[in-house]
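This is the structure, below, for whatever I ask next.
The values are calculated or read from the model by the stated rules, or taken from the named source; none is laboratory data. This is a predicted model, so every value here is computed, not measured. Reconstructed Cβ throughout: ideal geometry from the backbone, glycine too, with neighbour counts over all protein chains shown.
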Amino acid sequence: MEACASADAGSALNAERLKYVTEHFHQLQGLTWVALGAALLFQQSVLGDLLPFPRGLTDLIFLALSLACYTALFRYAPRYYRGRFGWIEPRYGRPDYKRLRFLFKRRVFFLKLFAFFLLVFLSVLLVLRLLGRPVGHYADSIIGDFHSMIPAHPVKFSPALCWSVCLCACFRTNPQKEDLYRTYFLASGALAWAFVALYPIWHPEAMHPTLWKFLNSGWIGLSLIAWGLYNYMTLVRLMPKRIETHDAEGADYE
Amino acid sequence: MNDDRNMVRSPNRLIHEPARLAILTVLSSCESADFVFLHTATGLSKGNLSVQLTNLEQAGLVAITKEITDKKMRTTVSLSKRGRSEIDEYWKTMDAIREQMQSQKRRRTSLGRRPIPQPARLSVAPI
(Lines give C-alpha, C1' and ligand atoms only; values in the text may rest on other atoms or scores of the structure.)
Protein backbone atom coordinates (compact mmCIF):
# COMPACT_ATOMS: atom_id res chain seq x y z
CA MET A 1 0.00 0.00 0.00
CA GLU A 2 2.90 2.32 0.86
CA ALA A 3 4.58 1.58 -2.45
CA CYS A 4 1.33 2.23 -4.20
CA ALA A 5 0.89 5.51 -2.39
CA SER A 6 4.40 6.70 -3.26
CA ALA A 7 3.90 5.68 -6.87
CA ASP A 8 0.61 7.54 -6.82
CA ALA A 9 2.26 10.71 -5.56
CA GLY A 10 5.06 10.44 -8.12
CA SER A 11 2.86 9.74 -11.10
CA ALA A 12 0.07 12.18 -10.41
CA LEU A 13 1.88 15.49 -10.55
CA ASN A 14 3.03 16.70 -13.91
CA ALA A 15 0.50 19.32 -14.84
CA GLU A 16 1.93 20.16 -18.26
CA ARG A 17 2.04 16.52 -19.32
CA LEU A 18 -1.50 15.93 -18.10
CA LYS A 19 -2.79 18.97 -19.97
CA TYR A 20 -0.98 17.99 -23.15
CA VAL A 21 -2.22 14.39 -23.10
CA THR A 22 -5.81 15.44 -22.40
CA GLU A 23 -5.91 18.20 -25.00
CA HIS A 24 -4.28 16.07 -27.73
CA PHE A 25 -5.82 12.72 -26.79
CA HIS A 26 -7.81 12.30 -30.01
CA GLN A 27 -4.90 13.39 -32.20
CA LEU A 28 -2.57 10.93 -30.50
CA GLN A 29 -4.78 7.93 -31.29
CA GLY A 30 -2.26 6.78 -33.89
CA LEU A 31 -3.48 3.24 -34.53
CA THR A 32 -6.44 4.59 -36.51
CA TRP A 33 -3.94 6.38 -38.77
CA VAL A 34 -1.94 3.16 -39.12
CA ALA A 35 -5.07 1.25 -40.19
CA LEU A 36 -6.00 3.94 -42.72
CA GLY A 37 -2.43 4.07 -44.06
CA ALA A 38 -2.27 0.28 -44.41
CA ALA A 39 -5.66 0.23 -46.17
CA LEU A 40 -4.43 2.85 -48.67
CA LEU A 41 -1.14 0.99 -49.11
CA PHE A 42 -2.84 -2.30 -49.97
CA GLN A 43 -4.74 -0.56 -52.76
CA GLN A 44 -1.49 0.11 -54.67
CA SER A 45 -1.25 -1.90 -57.88
CA VAL A 46 2.57 -1.93 -57.61
CA LEU A 47 2.31 -4.29 -54.64
CA GLY A 48 1.07 -7.04 -56.96
CA ASP A 49 4.55 -7.26 -58.51
CA LEU A 50 6.08 -8.19 -55.16
CA LEU A 51 4.28 -11.55 -54.87
CA PRO A 52 4.93 -14.50 -57.23
CA PHE A 53 1.22 -15.16 -57.82
CA PRO A 54 -1.11 -14.46 -60.74
CA ARG A 55 -2.30 -10.86 -60.95
CA GLY A 56 -5.96 -11.64 -60.17
CA LEU A 57 -5.08 -13.57 -57.01
CA THR A 58 -2.79 -10.84 -55.67
CA ASP A 59 -5.48 -8.22 -56.34
CA LEU A 60 -7.96 -10.33 -54.39
CA ILE A 61 -5.53 -10.79 -51.47
CA PHE A 62 -4.79 -7.09 -51.24
CA LEU A 63 -8.47 -6.20 -51.51
CA ALA A 64 -9.19 -8.53 -48.56
CA LEU A 65 -6.32 -7.01 -46.57
CA SER A 66 -7.55 -3.52 -47.37
CA LEU A 67 -11.07 -4.39 -46.19
CA ALA A 68 -9.59 -5.89 -42.99
CA CYS A 69 -7.74 -2.60 -42.39
CA TYR A 70 -10.94 -0.57 -42.89
CA THR A 71 -12.74 -2.86 -40.43
CA ALA A 72 -9.94 -2.32 -37.91
CA LEU A 73 -10.12 1.42 -38.54
CA PHE A 74 -13.85 1.82 -37.97
CA ARG A 75 -14.62 -1.01 -35.55
CA TYR A 76 -11.66 -2.19 -33.48
CA ALA A 77 -9.43 0.89 -33.13
CA PRO A 78 -12.05 3.05 -31.33
CA ARG A 79 -12.98 0.10 -29.12
CA TYR A 80 -9.32 -0.54 -28.28
CA TYR A 81 -8.68 3.07 -27.31
CA ARG A 82 -11.84 3.24 -25.24
CA GLY A 83 -10.91 0.08 -23.35
CA ARG A 84 -7.18 0.75 -22.95
CA PHE A 85 -7.00 4.54 -22.43
CA GLY A 86 -10.57 5.58 -21.72
CA TRP A 87 -12.66 8.30 -23.25
CA ILE A 88 -12.90 12.09 -23.02
CA GLU A 89 -15.15 14.73 -24.44
CA PRO A 90 -12.88 17.45 -25.79
CA ARG A 91 -13.33 21.04 -24.72
CA TYR A 92 -14.56 23.39 -27.38
CA GLY A 93 -13.47 26.82 -26.25
CA ARG A 94 -15.14 29.93 -27.60
CA PRO A 95 -12.80 32.10 -29.67
CA ASP A 96 -11.75 35.01 -27.50
CA TYR A 97 -11.14 38.61 -28.54
CA LYS A 98 -7.38 38.11 -29.00
CA ARG A 99 -7.93 35.11 -31.25
CA LEU A 100 -10.50 36.98 -33.40
CA ARG A 101 -8.13 39.93 -33.72
CA PHE A 102 -5.31 37.61 -34.75
CA LEU A 103 -7.55 35.95 -37.39
CA PHE A 104 -8.59 39.37 -38.77
CA LYS A 105 -4.96 40.55 -38.95
CA ARG A 106 -3.95 37.35 -40.75
CA ARG A 107 -6.75 37.77 -43.28
CA VAL A 108 -5.70 41.36 -43.95
CA PHE A 109 -2.08 40.22 -44.37
CA PHE A 110 -3.02 37.58 -46.95
CA LEU A 111 -5.21 40.07 -48.83
CA LYS A 112 -2.26 42.49 -48.99
CA LEU A 113 0.03 39.68 -50.16
CA PHE A 114 -2.45 38.72 -52.89
CA ALA A 115 -2.75 42.35 -54.01
CA PHE A 116 1.06 42.65 -54.15
CA PHE A 117 1.47 39.55 -56.32
CA LEU A 118 -1.36 40.67 -58.58
CA LEU A 119 0.37 44.01 -59.05
CA VAL A 120 3.69 42.29 -59.84
CA PHE A 121 1.96 39.97 -62.32
CA LEU A 122 0.25 42.86 -64.11
CA SER A 123 3.51 44.85 -64.23
CA VAL A 124 5.39 41.88 -65.73
CA LEU A 125 2.60 41.41 -68.24
CA LEU A 126 2.84 45.08 -69.24
CA VAL A 127 6.63 44.97 -69.53
CA LEU A 128 6.52 41.82 -71.67
CA ARG A 129 3.84 43.39 -73.89
CA LEU A 130 6.02 46.44 -74.52
CA LEU A 131 9.52 44.90 -74.49
CA GLY A 132 8.74 41.24 -75.29
CA ARG A 133 10.86 40.84 -78.40
CA PRO A 134 14.20 42.33 -77.17
CA VAL A 135 13.86 40.56 -73.79
CA GLY A 136 13.07 37.23 -75.49
CA HIS A 137 16.19 37.48 -77.64
CA TYR A 138 18.46 37.65 -74.58
CA ALA A 139 16.38 35.30 -72.41
CA ASP A 140 16.59 32.36 -74.84
CA SER A 141 20.18 31.49 -73.90
CA ILE A 142 19.44 31.72 -70.13
CA ILE A 143 16.31 29.59 -70.43
CA GLY A 144 18.33 27.04 -72.40
CA ASP A 145 20.76 26.74 -69.49
CA PHE A 146 17.90 26.26 -67.06
CA HIS A 147 16.31 23.63 -69.29
CA SER A 148 19.48 21.55 -69.29
CA MET A 149 19.35 21.44 -65.47
CA ILE A 150 15.90 19.81 -65.38
CA PRO A 151 16.22 16.00 -65.11
CA ALA A 152 14.89 13.92 -67.97
CA HIS A 153 12.63 11.80 -65.72
CA PRO A 154 9.87 13.02 -63.39
CA VAL A 155 10.90 13.66 -59.79
CA LYS A 156 8.18 13.30 -57.17
CA PHE A 157 8.66 16.00 -54.57
CA SER A 158 5.16 15.92 -53.07
CA PRO A 159 6.05 13.57 -50.11
CA ALA A 160 9.02 15.68 -49.02
CA LEU A 161 6.96 18.85 -49.53
CA CYS A 162 4.10 17.48 -47.42
CA TRP A 163 6.45 16.49 -44.58
CA SER A 164 8.18 19.88 -44.80
CA VAL A 165 4.81 21.67 -44.52
CA CYS A 166 4.02 19.57 -41.42
CA LEU A 167 7.44 20.45 -39.99
CA CYS A 168 6.82 24.18 -40.58
CA ALA A 169 3.38 23.86 -38.96
CA CYS A 170 5.03 22.12 -36.00
CA PHE A 171 7.47 25.04 -35.62
CA ARG A 172 4.66 27.56 -35.99
CA THR A 173 2.58 26.00 -33.21
CA ASN A 174 5.56 26.35 -30.86
CA PRO A 175 6.38 22.72 -29.97
CA GLN A 176 5.85 21.93 -26.34
CA LYS A 177 8.51 20.25 -24.29
CA GLU A 178 6.26 17.22 -23.78
CA ASP A 179 6.52 16.36 -27.45
CA LEU A 180 9.88 17.71 -28.61
CA TYR A 181 10.71 14.56 -30.55
CA ARG A 182 7.97 15.44 -33.08
CA THR A 183 10.23 18.06 -34.67
CA TYR A 184 13.07 15.56 -35.13
CA PHE A 185 10.63 12.95 -36.43
CA LEU A 186 9.15 15.30 -39.07
CA ALA A 187 12.59 16.63 -40.07
CA SER A 188 13.99 13.12 -40.55
CA GLY A 189 10.88 12.11 -42.52
CA ALA A 190 11.22 15.13 -44.85
CA LEU A 191 14.91 14.32 -45.39
CA ALA A 192 14.17 10.65 -46.08
CA TRP A 193 11.52 11.48 -48.70
CA ALA A 194 13.79 14.10 -50.29
CA PHE A 195 16.49 11.43 -50.52
CA VAL A 196 14.01 8.99 -52.17
CA ALA A 197 12.96 11.66 -54.67
CA LEU A 198 16.47 12.83 -55.56
CA TYR A 199 18.28 9.47 -55.59
CA PRO A 200 17.52 8.66 -59.28
CA ILE A 201 19.18 11.90 -60.40
CA TRP A 202 22.56 10.34 -59.59
CA HIS A 203 21.49 6.72 -60.14
CA PRO A 204 18.86 6.62 -62.92
CA GLU A 205 18.76 2.81 -62.82
CA ALA A 206 17.16 3.05 -59.33
CA MET A 207 13.86 4.11 -60.96
CA HIS A 208 13.19 0.66 -62.37
CA PRO A 209 13.08 -1.58 -59.24
CA THR A 210 9.67 -2.23 -57.66
CA LEU A 211 10.82 -0.78 -54.33
CA TRP A 212 11.30 2.72 -55.74
CA LYS A 213 7.94 2.57 -57.56
CA PHE A 214 6.29 1.30 -54.38
CA LEU A 215 7.81 4.11 -52.27
CA ASN A 216 6.64 6.73 -54.74
CA SER A 217 3.13 5.43 -55.32
CA GLY A 218 2.41 4.48 -51.70
CA TRP A 219 3.89 7.51 -49.97
CA ILE A 220 0.55 8.60 -48.47
CA GLY A 221 -0.04 5.20 -46.86
CA LEU A 222 3.54 4.93 -45.64
CA SER A 223 3.45 8.45 -44.21
CA LEU A 224 0.17 7.77 -42.41
CA ILE A 225 1.60 4.55 -40.94
CA ALA A 226 4.74 6.38 -39.77
CA TRP A 227 2.73 9.26 -38.23
CA GLY A 228 0.32 6.82 -36.60
CA LEU A 229 3.08 4.75 -35.04
CA TYR A 230 4.80 7.89 -33.78
CA ASN A 231 1.56 9.22 -32.28
CA TYR A 232 0.83 5.88 -30.62
CA MET A 233 4.32 5.71 -29.10
CA THR A 234 3.97 9.31 -27.90
CA LEU A 235 0.67 8.53 -26.20
CA VAL A 236 2.12 5.45 -24.50
CA ARG A 237 5.26 7.40 -23.51
CA LEU A 238 3.29 10.26 -21.97
CA MET A 239 0.93 8.05 -20.00
CA PRO A 240 2.34 7.02 -16.63
CA LYS A 241 2.97 3.36 -15.97
CA ARG A 242 -0.13 1.56 -14.84
CA ILE A 243 -0.22 0.60 -11.20
CA GLU A 244 -1.97 -2.73 -10.96
CA THR A 245 -3.84 -3.01 -7.72
CA HIS A 246 -6.39 -5.51 -6.61
CA ASP A 247 -8.36 -3.13 -4.50
CA ALA A 248 -12.11 -3.34 -4.66
CA GLU A 249 -12.65 0.34 -3.88
CA GLY A 250 -12.62 1.45 -7.48
CA ALA A 251 -14.64 -1.47 -8.79
CA ASP A 252 -17.95 0.33 -8.50
CA TYR A 253 -16.65 3.24 -10.61
CA GLU A 254 -15.49 1.16 -13.61
CA MET B 1 3.69 47.83 4.82
CA ASN B 2 6.34 45.58 3.28
CA ASP B 3 4.74 42.54 4.93
CA ASP B 4 1.34 43.37 3.41
CA ARG B 5 2.88 43.60 -0.04
CA ASN B 6 4.47 40.16 0.34
CA MET B 7 1.22 38.51 1.42
CA VAL B 8 -0.15 36.03 -1.12
CA ARG B 9 -3.44 34.27 -0.77
CA SER B 10 -2.81 30.65 0.16
CA PRO B 11 -3.81 27.99 -2.36
CA ASN B 12 -6.92 25.94 -1.71
CA ARG B 13 -5.73 22.97 0.32
CA LEU B 14 -8.38 20.69 -1.09
CA ILE B 15 -6.96 21.23 -4.57
CA HIS B 16 -3.31 21.43 -3.51
CA GLU B 17 -3.12 17.69 -2.74
CA PRO B 18 -1.21 16.05 -5.68
CA ALA B 19 -3.75 13.36 -6.58
CA ARG B 20 -6.71 15.75 -6.52
CA LEU B 21 -4.72 18.38 -8.41
CA ALA B 22 -3.91 15.82 -11.13
CA ILE B 23 -7.59 14.88 -11.47
CA LEU B 24 -8.69 18.51 -11.66
CA THR B 25 -5.93 19.36 -14.16
CA VAL B 26 -7.14 16.61 -16.48
CA LEU B 27 -10.76 17.68 -16.10
CA SER B 28 -9.93 21.35 -16.69
CA SER B 29 -8.48 20.43 -20.11
CA CYS B 30 -11.64 18.70 -21.34
CA GLU B 31 -15.42 18.82 -20.97
CA SER B 32 -15.65 15.42 -19.29
CA ALA B 33 -13.59 12.25 -18.92
CA ASP B 34 -14.42 8.72 -17.92
CA PHE B 35 -12.97 6.81 -14.98
CA VAL B 36 -10.63 4.74 -17.21
CA PHE B 37 -9.03 7.84 -18.73
CA LEU B 38 -8.52 9.45 -15.33
CA HIS B 39 -7.00 6.18 -14.06
CA THR B 40 -4.66 5.93 -17.06
CA ALA B 41 -3.67 9.60 -17.32
CA THR B 42 -3.03 10.24 -13.64
CA GLY B 43 -1.54 6.82 -12.87
CA LEU B 44 -3.46 6.68 -9.61
CA SER B 45 -4.71 3.37 -8.30
CA LYS B 46 -8.42 2.73 -8.74
CA GLY B 47 -9.07 2.84 -5.02
CA ASN B 48 -7.23 6.11 -4.51
CA LEU B 49 -8.91 7.63 -7.54
CA SER B 50 -12.40 6.68 -6.40
CA VAL B 51 -11.74 8.08 -2.90
CA GLN B 52 -10.42 11.36 -4.32
CA LEU B 53 -13.35 11.63 -6.72
CA THR B 54 -15.79 11.16 -3.85
CA ASN B 55 -14.00 13.90 -1.88
CA LEU B 56 -14.12 16.25 -4.83
CA GLU B 57 -17.78 15.50 -5.46
CA GLN B 58 -18.62 16.15 -1.82
CA ALA B 59 -16.79 19.49 -2.06
CA GLY B 60 -18.89 20.36 -5.12
CA LEU B 61 -15.93 20.63 -7.46
CA VAL B 62 -16.83 17.78 -9.80
CA ALA B 63 -20.02 16.14 -11.02
CA ILE B 64 -20.10 12.36 -11.40
CA THR B 65 -22.62 10.65 -13.66
CA LYS B 66 -23.05 6.92 -14.03
CA GLU B 67 -24.68 5.22 -16.99
CA ILE B 68 -24.92 1.71 -18.34
CA THR B 69 -23.55 1.22 -21.87
CA ASP B 70 -23.03 -2.22 -23.43
CA LYS B 71 -24.06 -3.87 -20.14
CA LYS B 72 -21.21 -2.07 -18.36
CA MET B 73 -21.30 0.72 -15.83
CA ARG B 74 -19.53 3.79 -17.16
CA THR B 75 -18.59 6.65 -14.87
CA THR B 76 -18.15 10.07 -16.42
CA VAL B 77 -16.64 12.93 -14.44
CA SER B 78 -16.81 16.61 -15.30
CA LEU B 79 -15.81 19.81 -13.56
CA SER B 80 -18.60 21.81 -12.02
CA LYS B 81 -18.79 25.57 -12.57
CA ARG B 82 -17.37 26.13 -9.11
CA GLY B 83 -14.64 23.55 -9.71
CA ARG B 84 -13.54 25.31 -12.90
CA SER B 85 -13.32 28.69 -11.20
CA GLU B 86 -11.50 27.15 -8.21
CA ILE B 87 -8.85 25.48 -10.34
CA ASP B 88 -8.35 28.68 -12.36
CA GLU B 89 -7.97 30.58 -9.09
CA TYR B 90 -5.52 27.96 -7.83
CA TRP B 91 -3.22 28.35 -10.86
CA LYS B 92 -3.39 32.16 -10.55
CA THR B 93 -2.37 31.89 -6.89
CA MET B 94 0.49 29.55 -7.75
CA ASP B 95 1.70 31.93 -10.47
CA ALA B 96 1.59 34.81 -7.99
CA ILE B 97 3.64 32.79 -5.48
CA ARG B 98 6.16 31.87 -8.17
CA GLU B 99 6.47 35.48 -9.29
CA GLN B 100 6.96 36.64 -5.72
CA MET B 101 9.68 34.06 -5.12
CA GLN B 102 11.46 35.11 -8.30
CA SER B 103 11.26 38.81 -7.49
CA GLN B 104 12.66 38.12 -4.00
CA LYS B 105 15.51 36.15 -5.53
CA ARG B 106 16.23 38.94 -8.04
CA ARG B 107 16.21 41.55 -5.26
CA ARG B 108 18.66 39.53 -3.20
CA THR B 109 21.03 38.90 -6.10
CA SER B 110 20.91 42.59 -7.11
CA LEU B 111 21.98 43.51 -3.56
CA GLY B 112 24.98 41.22 -3.99
CA ARG B 113 23.99 38.88 -1.23
CA ARG B 114 23.72 35.17 -1.52
CA PRO B 115 20.04 34.27 -2.06
CA ILE B 116 18.54 32.51 0.90
CA PRO B 117 15.60 30.31 -0.07
CA GLN B 118 12.57 31.39 1.92
CA PRO B 119 9.00 30.30 1.46
CA ALA B 120 6.47 32.90 0.41
CA ARG B 121 4.30 34.21 3.23
CA LEU B 122 0.86 32.83 3.04
CA SER B 123 -2.23 34.19 4.64
CA VAL B 124 -4.42 31.73 6.49
CA ALA B 125 -7.47 30.93 4.45
CA PRO B 126 -10.36 28.71 5.51
CA ILE B 127 -10.14 25.19 4.13
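Could you please give the count of residues in the stretch B:71-97 that are more than 13 Å from chain A (Cβ to nearest Cβ) and either in contact with a Ser or Thr (Cβ under 7 Å, 6 or more places away or on another chain) or small (Gly, Ala, Ser) (or both)?
4
Residue-by-condition table, conditions (1) surrounded by fewer than 16 Cβ atoms within 10 Å (Cβ to Cβ); (2) within 7 Å of another protein chain (Cβ to nearest Cβ); (3) out of contact with any strand residue (DSSP E or B) (no Cβ under 7 Å at 6 or more places or on another chain):
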{"residue": "B:Ala19", "(1), (2), (3)": "no, yes, yes"}
{"residue": "B:Ala22", "(1), (2), (3)": "no, yes, yes"}
{"residue": "B:Val26", "(1), (2), (3)": "no, yes, no"}
{"residue": "B:Ala41", "(1), (2), (3)": "no, yes, yes"}
{"residue": "B:Val62", "(1), (2), (3)": "no, no, no"}
{"residue": "B:Glu99", "(1), (2), (3)": "yes, no, yes"}
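Which one of A:Leu125, A:Leu119, A:Leu103, A:Leu131 is assigned to a helix (DSSP H, G or I) and modelled with pLDDT of 90 or more?
Values: A:Leu125 fails: modelled with pLDDT of 90 or more; A:Leu103 fails: modelled with pLDDT of 90 or more; A:Leu131 fails: modelled with pLDDT of 90 or more.
The conditions single out A:Leu119.
In the stretch B:5-34, what count of residues is obtained for those that are outside any helix (DSSP H, G or I) and of a type in the set (Val, Ile, Thr)?
Looking only at the stretch B:5-34, we keep the residues that are outside any helix (DSSP H, G or I), and these are B:7-12, B:17, B:29-34.
Adding the requirement that they be of a type in the set (Val, Ile, Thr) leaves B:8.
Of the residues in that region, 1 qualify.
Then there's this: Based on what the data block shows, is A:Phe25 out of contact with any His (no Cβ under 6 Å at 6 or more places or on another chain), assigned to a loop (DSSP other than H, G, I, E, B), of a type outside the set (A, V, I, L, M) and crowded, with 19+ Cβ neighbours inside 10 Å? Quick ask: steps written out before the conclusion?
On the way: out of contact with any His (no Cβ under 6 Å at 6 or more places or on another chain): yes; assigned to a loop (DSSP other than H, G, I, E, B): yes; of a type outside the set (A, V, I, L, M): yes; crowded, with 19+ Cβ neighbours inside 10 Å: yes.
So A:Phe25 fits the description; yes.
Can you name the condition, by its number, that A:Leu47 falls short on among (1) in a helix (DSSP H, G or I); (2) modelled with pLDDT of 80 or more?
(2)
Which residues, taken from the stretch B:73-95, are closer than 20 Å to B:Pro18 by Cβ and surrounded by 13 or more Cβ atoms within 10 Å (Cβ to Cβ)? If you could, list the steps in order and put the result at the bottom.
Going residue by residue through the stretch B:73-95, those that are closer than 20 Å to B:Pro18 by Cβ are B:77, B:79, B:83-84, B:86-95.
Correct list: B:Val77, B:Leu79, B:Gly83, B:Arg84, B:Glu86, B:Ile87, B:Glu89, B:Tyr90, B:Trp91, B:Thr93, B:Met94.
For the stretch A:8-18, does any single residue satisfy the condition of being buried (at least 17 other Cβ atoms within 10 Å of the Cβ), closer than 20 Å to A:Ser223 by Cα and either within 14 Å of chain B (Cβ to nearest Cβ) or of a type outside the set (Lys, Arg) (or both)?
So far as the stretch A:8-18 goes, no, none of its residues is buried (at least 17 other Cβ atoms within 10 Å of the Cβ), closer than 20 Å to A:Ser223 by Cα and either within 14 Å of chain B (Cβ to nearest Cβ) or of a type outside the set (Lys, Arg) (or both).
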